[in-house]
1. Looking only at the range A:70-97, count every residue that is outside any helix (DSSP H, G or I) and at the interface with chain B (Cβ under 10 Å from one of its Cβ atoms) and tell me the total.
2. Would you confirm, using the coordinates I've provided, whether A:SER256 is out of contact with any Leu (no Cβ under 7 Å at 6 or more places or on another chain), modelled with pLDDT under 85 and open to solvent by 30 Å² or more (accessible area, probe 1.4 Å)?
3. Could you list, in sequence order, the residues of the range B:146-156 that are within 15 Å of B:LYS225 (Cβ to Cβ) and within 13 Å of chain A (Cβ to nearest Cβ)?
4. Within the range A:47-69, count every residue that is surrounded by 20 or more Cβ atoms within 10 Å (Cβ to Cβ) and either basic (Lys, Arg) or within 11 Å of chain B (Cβ to nearest Cβ) (or both).
5. Does A:LYS30 fit the bill of being open to solvent by 10 Å² or more (accessible area, probe 1.4 Å), in a loop (DSSP other than H, G, I, E, B) and touching a residue at least 40 places away in the same chain (Cβ under 8 Å)?
6. Could you grab the pairs with beta carbons closer than 8 Å, sequence gap of 6+ or different chains, first residue in the range B:93-112 and over 21 Å from A:PRO106 (Cβ atoms) and aromatic (Phe, Trp, Tyr), second one open to solvent by 10 Å² or more (accessible area, probe 1.4 Å) and assigned to a loop (DSSP other than H, G, I, E, B)?
7. Got a sec? Which strands (runs of 3 or more DSSP E) wholly within the range B:118-177 have at least 2 residues that are within 25 Å of A:LEU129 (Cβ to Cβ)?
8. When you scan the range A:133-145, do you find a residue that is away from chain B (no Cβ under 14 Å), at negative phi and surrounded by 24 or more Cβ atoms within 10 Å (Cβ to Cβ), even just one?
2 protein chains.
Amino acid sequence: MNNKLTIIKIGGSVITDKHTPFSVDLNAIKSIIGEMKPVKEEKTIIVHGGGSFGHPVAIKYMLSNGLKNREQVKGVVETSQAMLSLNKIIVDMFIQEDFPVISCSPHNIFITRNGRICKSFLYPLNYFLEMGLIPVLFGDVVYDTERGVSILSGDQIVSYLSIKLKANRVILGTDVDGIYSSDPKINPEAQLIRELNPENYQDILKILKSTTKNRIDVTGGMYGKVRELVRVAKHGIDIYIVNARTPGNISKILNSSDINCTRFKNWCKR
Amino acid sequence: MNNKLTIIKIGGSVITDKHTPFSVDLNAIKSIIGEMKPVKEEKTIIVHGGGSFGHPVAIKYMLSNGLKNREQVKGVVETSQAMLSLNKIIVDMFIQEDFPVISCSPHNIFITRNGRICKSFLYPLNYFLEMGLIPVLFGDVVYDTERGVSILSGDQIVSYLSIKLKANRVILGTDVDGIYSSDPKINPEAQLIRELNPENYQDILKILKSTTKNRIDVTGGMYGKVRELVRVAKHGIDIYIVNARTPGNISKILNSSDINCTRFKNWCKR
C-alpha cells in the first residue's frame, strides 16, 4: 500500500434526487463503488453530501442561520439522524463489496466558528487510515461556537482534511462534467472549463456566484465547491471535478486517464 | 431545565438476546424509552451496550486481544457497523417519542491505551448537552495506541463520562435486579446485595470475578461493571444497578422511588 492519500467526495446530487426527500439512488451508489476498486487498498477518505436526506430538513428548520429557538433543536436531531441514515446505506453497500470502511460522523469530530471549522479531533481518523481503513464522512450539522449550530458541508470537510492530512489528490464527483462558463442545465451554449488556474479562477467564481442562486442546496452549490477547492489547490494538491454519473469516469480518473472534466492546474505550492 | 446530569446505561442484555446474533428486543426498548420520560428535558446521556450486535463479531475476530493480522481489520469494519446499526434502531425509536437525541459514535471520540481511555474529544458532547440534546453512545471498537484496537465497553464510557462531566447520578439498567452474593441465574439461594459500600465491595468483587467466567461478554459482565463503578462512586456520584427488564423500575428510580436494586452508598467524595 502506497502512502498517497486520495480524498473522494460524492455529491449528494449524484446519489440522491435532491427534489424528492429521502430518495436514494442505489444503482448510482453501486456503480460508483464498483468504480472505486482501484483505491480499495489504498489510503483513501470518502466524503458524501446530504442531497435529499440533509438539505430539506436543514432548510425546514432554517439551520444554516444558526440556532435561534428551541424548535430548531428538533431540526438538529432530524438532520443529524437523516444524514446517519444515508451514511448507513452507503457504508453498508461498501462493506458488501469488501471495502474496509468505517463511518465517521462529523458532528463528533468538528466544531465550527461562524460556519468554518475551528476545532477538530483527527487522531482516530489518522489511525484508521494507518490501519488500512477507509473513513466515510458526510455533510453534517455540527456545533458552532457563535451560531449554536451550523451546516458543515462535505466540501468544507474535503478541503479541511486534504490540507491537514496532506492529500495527494482530491476528486469531486458531481452531476455535471465540471465547471461551466454558465449553468449547463439552463444554457445549452455553456462551455466546460477544463482547467482552473490562478489566472482564470476569479472570473469564473463571479460567473458561478450568479448561477448558484435559487438552487436547493444549503451549502452553496458549485460556487461553494470552487471557493473551498481553491484553498486546496494553493497547497499544490491535484483536484478534479468530474461527472460521477457518467459511467467509467471515477475509475478512469483514479487510474489517471484523461476524461472530460475540470482540473485545477498550475497552482504553485505556497 | 436543571443542571444535574444523569447518565443512563442500557445493557446489551436488556435490549438484545445475547445468544442470537443481531436480535433486537423492540418491545423492551420501547418500554424503557417510555419510562425515561422524566429525563426527556433534563441533562442526560444515554449509553447502550453491544449485546448480540457487538459481541459475536468482536469474538469472531478476537478483537479484545488487539489487532494482530490484516483479517481482523474486517472485524473492526463489521463490529463498528453492527454497533451503528443497533444504535440507529435505538435512536430512531427515541426520536419517534420526541426525545432530542443525537448519536455519538465512540470510535470518533475516544482513543484507548491498553484498553483504557487515554484521549477524548468531549467538546461536541458538552455543547450538545448545553443545547438540550441527549447524546446516545454505545460500546464500540476504538483505536488503541498499544493494541491497534480495543473494545471500549459502554461501562467504561459511563464511568469516564460521569467523572469528567461530573454526573449527579448513574443508572445501570441490566437484566438482573443488581449485584448478587452468587450468580442468580444458576443459584436460587443467591441474595441481592442492596448496598455496595467501601466495607463490602472487595469481597463482592471476588465473588463476581469467579461467577463472570464463561459468559458471552467481551467486556467483563457484572465484574467489569462493578470495577468501573467503584471509580465513579469514589467521586461521590450516586449509582444504581437496576433490572431494566422489570416494568416500572427505570421510571421509579428516575423519580427517586425505592426499588429492589443495588445502590452504591456511603462513598465519601475524595
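1. Matching residues across the range A:70-97 total 1.
2. For A:SER256, the condition - out of contact with any Leu (no Cβ under 7 Å at 6 or more places or on another chain), modelled with pLDDT under 85 and open to solvent by 30 Å² or more (accessible area, probe 1.4 Å) - is not met.
3. Across the range B:146-156, the qualifying residue is only B:LEU152.
4. Result for the range A:47-69: 1.
5. So A:LYS30 does not fit the description; no.
6. B:PHE99/B:LYS40
7. B:134-138, B:140-144, B:148-152
8. Within the range A:133-145, one or more residues are away from chain B (no Cβ under 14 Å), at negative phi and surrounded by 24 or more Cβ atoms within 10 Å (Cβ to Cβ).
The values are calculated or read from the model by the stated rules, or taken from the named source; none is laboratory data. Computed from a predicted model, the values in this text were never measured in an experiment. So basically every Cβ, Gly included, is an ideal-geometry build from the backbone, and we count neighbours across all protein chains shown. All accessible areas refer to the heavy atoms of the entire protein, side chains included, with ligands and DNA or RNA removed. Shrake-Rupley method; radii C 1.70, N 1.55, O 1.52, S 1.80 Å.
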